[in-house]
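Report on one structure; see the data block that follows.
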Amino acid sequence: MAEVDLKDPLAAFRLDGEVAVVTGGANGLGRAIGTALAGAGAIVVLADHETAAARAAAEDSALGRGRAEARAMDVTDEATIAHVFEAVVAAHGRLDILINNAGIALRRPAVELELDDWHRVMDVNLTGVFLCARHAARHMIAAGGGRIVNMASIMSFSGGGLYPNISYQSSKGAVLNLTRALAVEWAPHNIRVNAVAPTWTRTRLISGFLEQPDVVAALEAMMPLGRLADPEDIVGAVLFLVSRAAAMVTGHTLPVDGGFLAQ
Ligand SMILES: NC(=O)c1ccc[n+]([C@@H]2O[C@H](COP(=O)([O-])OP(=O)(O)OC[C@H]3O[C@@H](n4cnc5c(N)ncnc54)[C@H](O)[C@@H]3O)[C@@H](O)[C@H]2O)c1
């Protein structure tokens, strides 16, 4: 059933009283997304293996007012993941939203990439997304529904960056189809699963690029809109996908790419 009131359409974007877990929420995009979800009214759990940074983020005034908390979570450790979701539901009585945001990149030419590094990227970027999704879904199925947003990338659709990044591109490509498959499997449970695919965004993940003006200029030249994204550019897509305005959107990956993929 449609959930937008045409006379008050923005009400469909409010998340008052809802509980959201953001993996990798201590820094960068996850922190920005957590702040925006709190701003829309949600109680936000920043789940990160950088626990001190997650705690500092949760105490930040924009997230504060009792609406944010930090939880230690390594998305490659299934036992911890299960414990965190159980603890969140025990503390707040519900789990409405999961943002599968934790991610890493190890840029190497394919012939030089150590197998351990390949596995590390897959473990965090792909298996971590799957494990968090299925533990969240167990609670969402019991409760009658929920929303999951996975962090994909323009590299989910493209094999070409400035530097070789085979493990990252492979993992993010897989996130695209994981998103579709879980969306179909869990649609009968009223769980919507979508993804957001950002372009290069000014966070620590690409700090190696950001320190080099010539690389930044080369990246900007690849962007039809002529600039890189800031974390604030990405949150609107996430807010839409978790909102009641997106009640008929599932299995979709929404690029926020400044036109990169349109070329
Ligand atoms: N910055 C970009 O250009 C860009 C572009 C497209 C997609 N993304 C994706 O956005 C997501 C967020 O990245 P970011 O740019 O904010 O990077 P970031 O490095 O600023 O933040 C990543 C966060 O993930 C956490 N993390 C890493 N491994 C973890 C683990 N095993 N368990 C728990 N937490 C872990 C880190 O502690 C950190 O807080 C990633 O999935 C990334 O691939 C980023």
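Sorting VAL242, VAL111 from the fewest to the most surrounding beta carbons within 10 angstrom yields VAL111, VAL242. Per-residue Karplus couplings for region 72-80, computed as 6.51 cos²θ - 1.76 cosθ + 1.60 with θ equal to phi - 60°, are listed in order as 6, 8, 9, 6, 9, 10, 5, 4, 5 Hz, Gly and Pro entered as x.
Calculate the all-directions average of the projected area of the chain's alpha-carbon convex hull, and give it in nm². Reported value for the Cα convex hull: 14.3 nm². On full extension, the segment bounded by VAL249 and SER61 gains 64.4 nm, given 0.36 nm per residue less the C-alpha separation.
The separation of region 1-80 from region 145-203, counted between C-alpha centres, amounts to 19 Å.
Potential lengthening of the chain between ILE104 and ALA90 amounts to 2.1 nm, from the contour at 0.36 nm per residue minus the alpha-carbon distance.
Amide hydrogen proximity for GLY41: with H placed 1.01 Å from N in the peptide plane, the residues at 5 or more positions away or on another chain lying under 5 Å are LEU15. Extending 7 Å from Cα along the Cβ direction at ASP230 and again at LEU261 yields two label points whose distance is 2.4 nm.
Just want to confirm a number: the relative contact order over the chain, from Cα pairs under 8 angstrom separated by 6+ residues, in percent. Across the chain, relative contact order equals 19 percent. Would you look at the GNM of the chain, springs on alpha carbons closer than 10 Å, and say which of VAL196, VAL89, VAL129 moves the most? For the chain, modelled as a Gaussian network with Cα springs under 10 Å, the answer is VAL89.
By other beta-carbon atoms within 10 Å, ranking SER158, SER243, SER207 with the fewest at the front produces SER207, SER158, SER243.
Where a number appears in this text, it was derived from the coordinates with a stated rule and is not lab data. Computed from a predicted model, the values in this text were never measured in an experiment. Cβ coordinates were reconstructed from backbone atoms using ideal geometry, including for glycine residues, and neighbour counts include every protein chain displayed.
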